[in-house]
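Below: the structure, in structure tokens.
The values are calculated or read from the model by the stated rules, or taken from the named source; none is laboratory data. Remember, predicted model here, so these are calculated numbers, not experimental data. As a convention, Cβ positions derive from the backbone with ideal geometry for all residues, glycine included, and neighbour counts pool all protein chains shown. Accessible surface is based on the protein model in full, side chains and every heavy atom, while ligands, DNA and RNA are left aside. Shrake-Rupley method; radii C 1.70, N 1.55, O 1.52, S 1.80 Å.
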Amino acid sequence: LAEAAGFTVDAVTATTPVFRDAGLADKILGLGRNTRRAIDAGYMDESRGRAWFASLSEGPFVASSTLFTVVARA
């Protein structure tokens with residue numbers, strides 16, 4: 001996408017943080033916020049969504065997300 005926008009891409013790196021604490025993962029990844037959005041949009045039943053989110057703190061828990069950093073110049 002950066003190249004298509006006219007940039008010269010010098011480097012692309014991927015970083016994958018792994019979360020083992022549900023509370024921290026919620027703060028960083030917005031699990032509760034996104035669960036609420038899924039419920040409000042009709043993708044998830046209210047009771048199932050609440051139950052799923054509550055179960056995250058019961059453990060064991062692991063979550064990850066890959067972040068890409070693009071170093072580019074105009």
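Looking at the range 24-42, is at least one residue part of a loop (DSSP other than H, G, I, E, B) and more than 14 Å from the chain's Cα centre (by Cα)?
Yes, because at least one residue in the range 24-42 is part of a loop (DSSP other than H, G, I, E, B) and more than 14 Å from the chain's Cα centre (by Cα).
When both residues are 6+ apart or on different chains and their Cβ atoms are under 7 Å apart, which pairs have a first residue that lies in the range 27-41 and is farther than 16 Å from S57 by Cα, and a second that is crowded, with 16+ Cβ neighbours inside 10 Å and at pLDDT 95 or above?
A38/M44; A38/G49; I39/G49
Restricting the range 43-74 to residues that are in a helix (DSSP H, G or I) and small (G, A, S), which is least open to solvent (accessible area, probe 1.4 Å)?
Residues of the range 43-74 that are in a helix (DSSP H, G or I), as a first pass: 46-58.
Among the residues that remain, those that are also small (G, A, S) are: 47, 49, 51, 54-55, 57.
Numbers: S47: 80, G49: 1, A51: 60, A54: 53, S55: 47, S57: 96 Å².
Step by step, filter the range 43-74, then rank; the result is G49.
Of the residues in the range 1-23, how many are assigned to a helix (DSSP H, G or I) and either free of Cβ contacts under 8 Å to residues at least 24 places away in the same chain or surrounded by fewer than 10 Cβ atoms within 10 Å (Cβ to Cβ) (or both)?
Total meeting the criteria: 0.
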